[in-house]
1. For the chain, what % of the accessible area comes from carbon and sulfur atoms, probe 1.4 Å?
2. Which one of LYS149, LYS12, LYS173 has the biggest mean-square fluctuation once the chain is modelled by GNM with Cα springs under 10 Å?
3. Going highest first, how would you order 207-218, 28-39 by mean Cβ packing within 10 Å?
4. Using only C-alpha atoms and all pairs of different ones, pull out the Kirkwood radius for the chain in Å with one decimal.
5. Give, rounded to the nearest 20 debye, the magnitude of the charge dipole that region 232-321 has about its Cα centre when Lys and Arg contribute +1 at Cβ and Asp and Glu contribute -1 at Cβ.
6. Going by average Cβ neighbours within 10 Å, how do the peptides 219-232, 237-250 rank, with the highest at the top?
7. What is the dipole size for the chain, taken about its Cα centre, with +1 at each Lys and Arg Cβ and -1 at each Asp and Glu Cβ, in debye to the nearest 20?
8. For region 80-88, in order, what is each residue's ³J(HN,Hα) by Karplus, 6.51 cos²θ - 1.76 cosθ + 1.60 with θ = phi - 60°, in whole Hz (x at glycine and Pro)?
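The values are calculated or read from the model by the stated rules, or taken from the named source; none is laboratory data. Just so we're clear, the structure is a prediction, and the values are computed from it rather than from any experiment. Counting neighbours? That spans all protein chains shown, and the Cβs are built from the backbone with ideal geometry, glycine included. Calculation scope for accessible area: heavy atoms of the full protein, side chains included, ligands and nucleic acids excluded. Shrake-Rupley method; radii C 1.70, N 1.55, O 1.52, S 1.80 Å.
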Amino acid sequence: MMIIMNTDAEQKQVDKVVKKVKALGFDPHIVDGEERTVVGVGGNNPFIATQGHFSRMPGVDRILPISRPYKLCSREFIPEDSSFPLDGIHIGGRGIVIIAGPCAVEDRGLLLEIAHAIKEAGAHALRGGAFKPRTSPYSFQGHGEKALKWLAEAREASGLPIVTEAMSIEQIKLVAEYADVIQIGARNMQNYSLLHAAGASQHPVLLKRGMSSTVEELLMAAEYILSHDNRRVILCERGIRTFERSTRNTTDINAIPVLKSLTHLPVILDPSHATGNWKYVTAVARAGIAAGADGLIVEVHTEPENALSDGFQSLKPERFAAMVTQIRNIAQAIDRDIAASTHADPAAK
Ligand code: PEP
Ligand code: MN
C-alpha cells in the first residue's frame, strides 16, 4: 500500500510514519516526489490490516492499496517514468539510449576496435559478455575476469559505460567492480537468489525477460531487485519462444507498450536475440522504438563471420551506423530523440 503524505507534511511527520512502518515489521520505501512524499509499504498486502495505524497520523493525506502483485515497480506506486543518470547519459528519459557491442568479449584489440566503431556510430554504452550463458557446455564460455579488465580498458579508451552479464551470486560482486550496469540474462530472470544479490549490490541492473516468461513474471522479477531499494533497473524485451521457427525468437512488440503502461521503469528492446538474424535486426529495432521503447541493446561485431558467439545476428558497424540514423528519424517522429551524450571524448584529452 501507499501512504500519501500531505503536500505540506513536515520531515518529522514522514519520519514517524517510516518508524511505524518498521515497527509493524514492514519495509518502508520512500519516494520524494516533486509535490509530496509517498511512503510505500512493502510486504504481503498489508493494506486491510494496517491502514488504520496510519490514517490518523499527522501529515498523512490518504492511504491507497496497490492492486498489482508487483508494488514498487508499478505505475500505481510511481506514476511518472523513472530515470537515472549513468556516466554522462540519462536512462529512461525522453532520449533513446543505444547499447551496442559484441555478444562475447573475445579479444582485447577486437573489443577496442568495436568500442570505437560503435561510439563513432552514436552508441551510448558498450555491451559484451565476460561470462556467457551458453546452451552447450562445449561452446565458448567467455574469458571471465580477463574480459572484465578489457571492458574496463575499453571504457577508459572510448568513454562508454559498460554493460555486462553476471550469471551467479559470486560474479555479481566482481562484475560490479568493473561494469556500470549488471546484466541479468533471460535464462536467469527467475533465479531469485541472483535477483536478491543484484538488488543488494545497489548497482544499476539490466534485467532481460525470460524466453518463456510473461510480462507479469518479468515485473515480479524486477520487484526482487527493487525490494532492496535499488531502483536503477532497466527492463529488456528480448523475444520469446513461440511455435514460429523462421526466427530464433519472436519479438513480443506488444510487451513494450504493455510494460510502459504497467511500470515506471525504463524499457528497452534487444532486436538481436529477438530475431537471431542480422537481416531483421534493423527493422525490428525500428519497430521497438516506434512502439515506445526507451532504448536498444544491439549486437555489433567488426568480423561477425569469425565471432565466437552470435555472429549471425551481429550487425557490422556500417549497418549499425545506418540503423542509428533511422532510429533517430523514428524517435523524432514520435517527439523523442537519441539521448544526448555528455561523455568527454577521451581521445580529445
Ligand atoms: C546476451 O545479451 O548476450 C544474452 C545472452 O542474452 P539473453 O540473456 O537475452 O539470451
Ligand atoms: Mn548474444
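1. 51
2. In this elastic network of the chain, the residue with the biggest mean-square fluctuation among LYS149, LYS12, LYS173 is LYS12.
3. Put in order of decreasing packing, that is 207-218, 28-39.
4. Hydrodynamic radius (Kirkwood, Cα only) of the chain equals 20.9 Å.
5. Here the size comes out at about 200 debye.
6. The packing order, highest mean first, is 219-232, 237-250.
7. I would put it at about 620 debye.
8. 7, 4, 8, 8, 8, x, 9, 6, x
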